[in-house]
Amino acid sequence: MFLLLLLLLLFRAFLFGILLTGFTLVHLTTMLKNRTTIESISHRKRQYHIRVQFDANNPLGYGVATTRQGENIWDLGWSDNWKSVMGTKWWLWFCKCIYNNEIESTYIILDYI
């Protein structure tokens, strides 16, 4: 009986480990490509219309830029994508209870837009 319970526990632990590994890999891939979960599971290539502020003093000083279909303008490369989500201080990556003021609400996009 004890052996059966031990085998059942090991099977559950193995199954949990496999599922957690898959979950982690999917979200790491999503984060390193700087995409949302919805963008990752959508097979439709999107075209974005983005408001670009040219003059910070004038609220009407903006234009609308259109991306090519399927282009991700927020993808800065895996290293900068990681830093935009987790911050640049590695000791704060796994301690999210401390406020990290590096992460802002203004996002960097590709330079050629």
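Quick notes
- From the list 109, 113, the one residue that fits, being of a type outside the set (Phe, Trp, Tyr), closer than 16 Å to residue 32 by Cα and modelled with pLDDT under 80, is 109.
- Considered as a group, the residues in segment 39-64 that are in contact (Cβ under 8 Å) with a residue 12 or more places away in the chain and of a type in the set (S, T, N, Q) include one that is farthest from residue 26 (Cα to Cα), and that residue is 47.
- Residue selected from segment 31-76 under the condition within 24 Å of residue 93 (Cα to Cα) and in contact with an Asp or Glu (Cβ under 8 Å, 6 or more places away or on another chain), by the criterion surrounded by the most Cβ atoms within 10 Å (Cβ to Cβ): 34
- One residue from 51, 46, 35 being on the phi < 0 side of the Ramachandran plot and in contact with a strand residue (DSSP E or B) (Cβ under 9 Å, 6 or more places away or on another chain): 51
- Qualifying residue in segment 33-45 (condition: in contact with a Leu (Cβ under 9 Å, 6 or more places away or on another chain) and at pLDDT 80 or above): yes
- Yes/no for residue 22 being closer than 30 Å to residue 70 by Cβ, at pLDDT 90 or above and out of contact with any Cys (no Cβ under 7 Å at 6 or more places or on another chain): yes
- Within segment 67-82, not a single residue is modelled with pLDDT under 80, polar (S, T, N, Q) and either outside any helix (DSSP H, G or I) or at positive phi (or both).
The values are calculated or read from the model by the stated rules, or taken from the named source; none is laboratory data. Predicted, not measured: the structure shown is a model, and the values here were computed from it. In this analysis, Cβ positions are derived from the backbone assuming ideal geometry, glycine residues included, and neighbour counts consider all displayed protein chains.
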